[in-house]
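The values are calculated or read from the model by the stated rules, or taken from the named source; none is laboratory data. Bear in mind that the values here come from a model prediction, so they are computed numbers and not experimental data. Because the Cβ atoms are built from the backbone with ideal geometry, glycine has one as well, and the counts that use them run over all protein chains shown.
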Amino acid sequence: MIVPLPRLTLLWRPGEQISLVNEGDFVEGRFAARKFYPKPIIVQSARRTVIVVGSVILGEKIDPQQAAELVLASKNIAATVRGFNGQFLILNQDGDKGSLTIISDRHTGIPFYYATHGGRVVGAFLYSDLAGYLRRASAFDLVPEHLFEFLWLQRLLMDKTHDTRSRFLPAATILTFDSSGSRQCRYWRPNFTKNKKRSTHEAGEAIAFGMRRSMARRTSDQSRYGLFLSGGHDSRTVLAALPSAPLCITVGYSDNYEVSCARKLAEVAGAPFRFIQLPPDHLNQVADPASLLCGGLYSIDHALFLGLNDAVSPDADVVFHGHGIDYMYQGMYLPAKHLTIAGRPMFFRQLTPLSGDLASAFNNEIPFRLKYVDLMLFVRPEWRSRLADHLRASAEAVLEDSRDVAATDADRWEYFLIHALARHFAWPNIGSMMVGTEQRTPSFDNDLFDVYLSMPPEMRVTAAALRSAQWQLNPKLASVPTGNWGMPASYSPLAKTAWLVGRKMLRHLTGNQRFRAPHAEDRTWPDRDTHLADEKGWQSRVAAAISDPELESALPFLEWPLLRAKAQEWMSRPSGGASLLVELLSLQLFLKNTR
C-alpha cells in the first residue's frame, strides 16, 4: 500500500541562508516539507530566518505566525520559547553568526533526528529518511548494542539512534550549529515537586480544569476536529473535555464490544460517529510505510492508523486522541503489583518499593519491555555480558541526566518515562494519525503536564484522580462501560472487583456467556500472538524477515538457528513470541526500505 507519509528534511551548511521549500527531500541549503500538516511557516528579516513547524500555542490561542515573529525579534531565544506551548519544532538561522538553531518543545511532539556529514547538517522528521541519506553516502554504521536495546525495551533511551553518527533531538532543547561545531542547552526542566495536600477530588479538579483548558487551546483556530475514540478511559477524557462535539472515529477489525462502547460514548456526547473497519490483513498491507514511519525504532504494528486518510481527512483537518493519559494519570508504568484473591489478580494495585539499583529495576521490571520471551536465551554467550553492560549503562545515563531535577527514586523512575516522550514505544500511534491531517496531543500541554508532575504516585496508582476528573467533566460519559472490562469507567477498584466476582457467579449459575468479561476479539488491538498465527500474510513477512541475511548480519549477537527453530513454534500457535518476531520484522523492513 502506498501511504504519503509526512516528511521534513534539512540539508544545511554553516553560513548558508536557509529557506523553506514544499517539495523534495534533502534539498541543498533548504528545509523541505512534504505532506506535513500544518504546513510550516517562514518569516524573515535582512539577516534572520525563522521557520515554525506545528501549532504553537501562545497563552490560550494557537498562533504559530506570532510565535515565529517573536523568535525573529528575540535577543534571548531561551526566554522567548520557554513560554511557548503545544507541539512544535523551530529553526532559527542567524546570518550574522552564520548559525542555525533547532528548538524542540517540552514533549518532543515533533521528533527530529540529525547528523553532520561532509560539512553539512543533515536532519529529518523520520529517522528512516536520515538513515537512508547516510546509507547512500556510505556514512551509516549500525550499533548492535542499540539494536539489542530496542529488542529488550521496545524503545531507545536518551538521544541514541541505531547508528554511530545520528542523534535524536531531546526535549526542550536548543541545538545550535555553526562553523565551530554544535552545542546544546535546555530552556526548561521538569519540576517534580509534589502537591501532597490535595484530596483526590481536588486532584481530579486540577486534571479536569487542565483538560478543559488544553482542549480550548487546541480548538482555538476553529478547524474541523476529529477524535480517535476507543472504549477506554483516555480518549473519553478528551471527549468529555472538548468544548463542542467532534467527529468521533473508532477503528477496529470488527464491529465488536469496544466499538459498541465507543458508539455509546459518542451518542452520550451528541457527537457524530464513524466506524472504520480494518481488513484482516491491514498490518500486512501497511507494513512497508509503517517501517518508514517507525524507522526501526518502534514496532510497526503500533502504526495502526496508516491507510485511513480517505476516511478521515474529508471531514476533519485536525485529529485528537488520548495518548499519554494512561501513563500520566492512570500510573500505567508505576512500580506496582496487583493484589490477588485465590491466586487471581484483582483491580487493587499497590506500589512496590524501589530498590537502590534503579537501572536494573527499570530494565527488568518496566511493564512495556519485551515479555514472554527470555531474550538472553537467544543471545550468543560471548555477547551476553557486553549487552547486559550496555543496558545498565543506558539506564544509568538516564539517571545521570535526571540529577538536576529528580530528588527521589520515584522521581527518577518517572524520568525514565518522560525524558523524551516521542521515544515511547507507542509513538507510531501518533505518527500514523498524521497522514493527511494534523494531529494534536491533548496531554502535551505545558500546564496539564505540570499537574501530572505534581501528583504523588499514590494518587495515580489506581487512577483515582483521573476517575474523579472524568466524573467532574461528564458523569454520563464516566458511567459508560469500558471496552476492556465491560464496567463503568468511574468504578473504583472495590466496585470493579465486586462486579467481577458477581458477574462470574452469575455466569456459573446461569451458563449465560453474556456475563463473561470481554475477550481479545472484543477489543480494537489484535492479540499479537493470535494475529501472527492466524494472518498468513503477516506470518509470511515474519518468516522472510528472520531468513534475511542482512538482518542476521545486523544482529550478530543472536543465536539464529535456535531463534529460527523457536520461531516456527511461535508462528504455528499463539505461544508468546510474537512481540520479538514483530520487532525483528520492524528492523528487517527498516533495513530493506532504506537501502
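The set of residues from segment 111-124 being crowded, with 23+ Cβ neighbours inside 10 Å and hydrophobic (A, V, I, L, M, F, W, C) comprises 112, 122, 124.
Assuming residue 271 fulfils every condition listed in (1) free of Cβ contacts under 8 Å to residues at least 60 places away in the same chain; (2) touching a Phe, Trp or Tyr at 6+ places or on another chain (Cβ under 9 Å); (3) not in a helix (DSSP H, G or I) apart from one, which condition is it? Here residue 271 clears every test but (2).
Residues that are under 27 Å from the mean Cα position of the chain (by Cα), in contact (Cβ under 8 Å) with a residue 12 or more places away in the chain and buried (at least 16 other Cβ atoms within 10 Å of the Cβ) number at least 3 in the following strands (runs of 3 or more DSSP E) confined to segment 1-51: 7-12, 30-34.
Give me the residue from segment 300-338 that is in a strand (DSSP E or B) and not charged (D, E, K, R) and, out of that set, nearest to the chain's Cα centre (by Cα).
Per the stated criteria, the residue is 320.
One residue stands out in segment 539-576 among those that are under 14 Å from residue 588 (Cα atoms) and of a type in the set (Asp, Glu): the one that is surrounded by the most Cβ atoms within 10 Å (Cβ to Cβ), namely 548. Within the bounds of segment 64-80, is there any residue that is over 15 Å from residue 20 (Cβ atoms), within 23 Å of the chain's Cα centre (by Cα), among the charged types (D, E, K, R) and assigned to a helix (DSSP H, G or I)? Among the residues of segment 64-80, not one is over 15 Å from residue 20 (Cβ atoms), within 23 Å of the chain's Cα centre (by Cα), among the charged types (D, E, K, R) and assigned to a helix (DSSP H, G or I), which makes the answer no.
For every residue, the table says whether it meets (1) surrounded by 21 or more Cβ atoms within 10 Å (Cβ to Cβ); (2) at positive phi; (3) of a type in the set (Lys, Arg).
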| residue | (1), (2), (3) |
| --- | --- |
| 246 | yes, no, no |
| 264 | no, no, yes |
| 304 | yes, no, no |
| 309 | no, no, no |
| 327 | yes, no, no |
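For segment 435-449, the candidate set comprises residues that are assigned to a loop (DSSP other than H, G, I, E, B) and hydrophobic (A, V, I, L, M, F, W, C); within that set, the residue that is nearest to residue 216 (Cα to Cα) is 444.
When restricted to residues that are of a type in the set (Phe, Trp, Tyr) and either within 11 Å of residue 271 (Cα to Cα) or touching a residue at least 40 places away in the same chain (Cβ under 8 Å) (or both), segment 208-247 contains 2. The number of residues in segment 73-94 being more than 20 Å from residue 159 (Cβ to Cβ) and surrounded by 16 or more Cβ atoms within 10 Å (Cβ to Cβ) comes to 8. Taking segment 557-595 as the range and being more than 25 Å from the chain's Cα centre (by Cα) and either assigned by TED's automatic domain parsing to the domain that holds residue 287 or within 13 Å of residue 151 (Cβ to Cβ) (or both) as the test, the residues that pass are 557, 558, 563. Scanning segment 158-206 for residues that are within 28 Å of residue 471 (Cβ to Cβ) and basic (Lys, Arg) gives 194, 196, 197, 198. For segment 352-369, the candidate set comprises residues that are modelled with pLDDT of 90 or more and either among the β-branched types (Val, Ile, Thr) or buried (at least 16 other Cβ atoms within 10 Å of the Cβ) (or both); within that set, the residue that is farthest from residue 424 (Cα to Cα) is 352. Looking across segment 170-207, the residues that are surrounded by 13 or more Cβ atoms within 10 Å (Cβ to Cβ), among the small types (Gly, Ala, Ser) and farther than 15 Å from residue 460 by Cβ come down to 171, 172, 182.
Here are 397, 388, 410: which of them is free of Cβ contacts under 8 Å to residues at least 40 places away in the same chain, more than 14 Å from residue 189 (Cα to Cα), surrounded by fewer than 20 Cβ atoms within 10 Å (Cβ to Cβ) and not polar (S, T, N, Q)?
Details: 397 fails: free of Cβ contacts under 8 Å to residues at least 40 places away in the same chain; 410 fails: free of Cβ contacts under 8 Å to residues at least 40 places away in the same chain.
The conditions single out 388.
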